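The values are calculated or read from the model by the stated rules, or taken from the named source; none is laboratory data. Nothing here was measured: the structure is a model prediction, and the numbers come from that model. Neighbour counts run over all protein chains shown; Cβ positions are idealised from the backbone, glycine included. In case anyone asks, the SASA skips ligands and DNA or RNA and just uses the protein heavy atoms, side chains included. Shrake-Rupley method; radii C 1.70, N 1.55, O 1.52, S 1.80 Å.
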Amino acid sequence: MPQRQVIVEPRRPFREPGVARDEVIIVQSGLLSKYMSDGSGRRQIIALRFTGEGILPREGQADYGIQAIMRSEVLIGKREDFAAIVGTDPEFGRFFMTLIQRHAAIGYEWLVNCGRRDSTARVAHLLCETAERSHIDVGTQALINPFTQQQIADITGQTSVNVNRVFAELERQGLIRRKGREIFFEDWTEIQRVGSFHADYLR
């Protein structure tokens, strides 16, 4: 499929809401977010796309925007080229059907996270999911936190002040240790329990 490489900077939206999304975007490196805003302009990050993941084309205008969490490299292909491959290659089509189902499962989990879990559990769950989707070995490697406190607040539906308190509480409980942007998981089993995190939905 013909494609072009684009560098996406995190300082401004890469794609605004309300614009036709007739392209497929694959993350080569970095991290992209989908976001929406409420009537007062408050932002909610509704999805993340890690390295190797993508954003598929859709009919009509997209109701979400796209912005990089960190400086990212993406590949962009045309919708018609993508559709031609999916239409003629059953294995390729099955792969993307599985991808769509995985993204839906992540979305359901996020809905439960923001709707039913307390503030500590929300952040714990996000850290666990980020570690899994970043493919780090939590026993030997630190998670390089890609998010600002405001971005974590925009993902978990709370204020950045409360996110700061939650991190302090997770450290007080001995679940994580922070060194700059590095997050070390001191008790992986317990932080998964606190966040009600089970990685099966990511498979």
- Task: Count charges around residue 149 for me, please; just the other residues with Cβ under 15 Å from its Cβ, Lys/Arg as +1, Asp/Glu as -1.
- Result: +2
- Message: Below 8 Å between Cα atoms, with a sequence gap of 6+, how large is the relative contact order for the chain in percent?
- Response: 21 percent
- Task: List, in order, the whole-Hz ³J(HN,Hα) value for each residue of the stretch 188-203 obtained from phi through the Karplus relation with A = 6.51, B = -1.76, C = 1.60 and θ = phi - 60°; use x for Gly and Pro.
- Result: 4, 4, 6, 5, 5, 5, 4, x, 6, 9, 10, 6, 4, 5, 8, 6
- State, to one decimal in nm², a quarter of the convex hull surface area for the C-alpha atoms of the stretch 47-118, i.e. the direction-averaged projected area. 6.3 nm²
- Quick one: putting +1 on the C-beta of Lys and Arg, -1 on the C-beta of Asp and Glu, what dipole do you get for the chain around its Cα centre, in Debye to the nearest 20? 480 debye
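Among the trypsin sites (Lys or Arg not before Pro) in the stretch 39-135, which ones are in a DSSP loop with at most 12 other Cβ atoms within 10 Å of the Cβ? Mind listing them? Present the calculation step by step, with values, prior to reporting the outcome.
Working: sites: 42, 43, 49, 58, 71, 78, 79, 94, 102, 116, 117, 122, 133; in loops: 42, 58, 71, 117.
Filter output for the stretch 39-135: 42.
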- Skip the ligands, DNA and RNA, and give the accessible area per residue of the chain with a 1.4 Å probe, whole Å². 53 Å²
- Mean residue ellipticity (222 nm) of the chain, computed from DSSP H runs ≥ 4 via -39,500 (n - 2.57), nearest 500: -12500 deg cm²/dmol
- Around residue 71, with a cut-off of 15 angstrom between Cβ atoms, what is the net charge of the other residues, counting Lys and Arg +1 and Asp and Glu -1? +2
- Message: Which residue, 130, 152, 87, has the largest displacement toward the positive end of the dipole of the stretch 86-156 when charges sit on each Cβ (Lys, Arg +1; Asp, Glu -1)?
- Response: 152
